[in-house]
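Q: Let me give you the structure first, and then I'll get to my questions.
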Amino acid sequence: MALDIEKPIEGNFQIIGGEFDTAGGASSHLKSKLVELGVEEGIIRRASIATFEAEMNVIIYAAAGRLSFLITPTYIEIKIEDMGPGIEDLDQAMEEGYSTAPDWVRDMGWGAGMGLPNMKKNSDEFKIDSVVGEGTSIEMIMKLP
Amino acid sequence: MKLHEIIEILGASIIVNTLDMDMQIQNACSADMMSTVMYYHTANSLLITGLSQPSVVRTAEMAGIKAIVFVLDKAPADNIVEMAKEKNITLLKTPNCMYTASGKLFQSGLPSCLGK
């Protein structure tokens with residue numbers, strides 16, 4: 001059943017690299033909105049996990065980034081753009097377990113090499129573009145039945 | 001397995017209590033890497049971890065995990081405790097290490113999130 005909303009709901013967030021203690025603010029906000037709208041629990045979980053992973057990637061690897069979401073009656077769209085180092089080999093980065101995270105990031109519980117695979121797994125549509133030295137952008141769509 | 005049984009088996013102390021002690025926990029996941037938790041989790045599960053960073057509670061929030069057990073009696077900082085209260089996630093700590101805590105619960109019938 002499509003969502004009964006008059007117009008799409010949007011959210012925009014700035015994410016600052018290295019801010020581990022407040023990580024997850026954007027995902028938490030999106031999750032609250034989806035709960036409020038009565039979206040099915042499994043879809044909420046997929047959208048929350050994919051968004052949180054995307055947020056963490058900005059925090060771990062980039063100087064800063066921007067995350068936006070759009071909730072329409074039939075889909076949820078999440079876009080992330082960062083000012084980070086970019087990814088040299090996207091195929092390799094999408095492999096489960098491949099990570100370039102330094103040890104201090106692993107000590108904080110991140111850098112397992114499951115972030116991008118997790119985003120893809122939880123999205124119905126997943127697009128990633130990256131330019132080395134400029135940054136990475138990701139678009140994810142979760143369909144609402 | 002009921003939450004109070006988990007507490008008894010692990011000799012755990014309650015740090016934050018947000019749940020009915022008779023609540024059924026379906027399965028558990030032991031990990032220190034948060035993406036691994038989000039990849040393999042199932043809802044209404046228990047997370048056994050040695051990591052006491054704020055992102056543990058955030059991960060539980062996103063993944064629909066109801067309770068977290070910190071091993072080796074690790075006490076989370078106040079900001080983590082506050083976040084758990086706000087997000088309705090129960091926090092426990094056990095003197096057991098991760099291997100022992102996981103083994104005790106598995107042996108008592110609490111299955112893995114992954115089912116293998």
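No value in this document is a laboratory result; all are computed from the given coordinates. Computed from a predicted model, the values in this text were never measured in an experiment. Backbone-built Cβ (ideal geometry, glycine too); neighbour counts: all protein chains shown.
Q: Among the candidates B:ILE68, B:ILE6, B:ILE15, B:ILE48, single out the residue that is of a type in the set (A, V, I, L, M), assigned to a helix (DSSP H, G or I) and in contact (Cβ under 8 Å) with a residue 12 or more places away in the chain. Reasoning before the result, please.
A: Numbers: B:ILE68 fails: assigned to a helix (DSSP H, G or I); B:ILE15 fails: assigned to a helix (DSSP H, G or I); B:ILE48 fails: assigned to a helix (DSSP H, G or I).
None of the others qualify; the one that does is B:ILE6.
Q: Determine whether the stretch B:11-30 contains at least one residue that is facing chain A (nearest Cβ under 10 Å) and crowded, with 20+ Cβ neighbours inside 10 Å. Spell out the reasoning first.
A: Applying the first criterion (facing chain A (nearest Cβ under 10 Å)) to the stretch B:11-30 yields none.
No.
Q: Right, another one. May I ask you to say which residue of A:PHE69, A:PHE20, A:PHE52 is away from chain B (no Cβ under 12 Å) and either surrounded by fewer than 24 Cβ atoms within 10 Å (Cβ to Cβ) or in contact (Cβ under 8 Å) with a residue 12 or more places away in the chain (or both)?
A: A:PHE69
Q: Still on this structure: Does the stretch B:51-104 hold any residues that are among the charged types (D, E, K, R), farther than 21 Å from A:ALA50 by Cβ and within 10 Å of chain A (Cβ to nearest Cβ), and which are they?
A: B:GLU86, the sole residue that qualifies.
Okay, residues lined up against (1) assigned to a loop (DSSP other than H, G, I, E, B); (2) buried (at least 16 other Cβ atoms within 10 Å of the Cβ):
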site: A:GLN92; (1), (2): no, no
site: A:GLU95; (1), (2): yes, no
site: A:GLY109; (1), (2): yes, yes
site: A:ASN118; (1), (2): no, yes
site: A:SER123; (1), (2): yes, yes
site: A:ASP129; (1), (2): no, no
site: A:THR136; (1), (2): no, yes
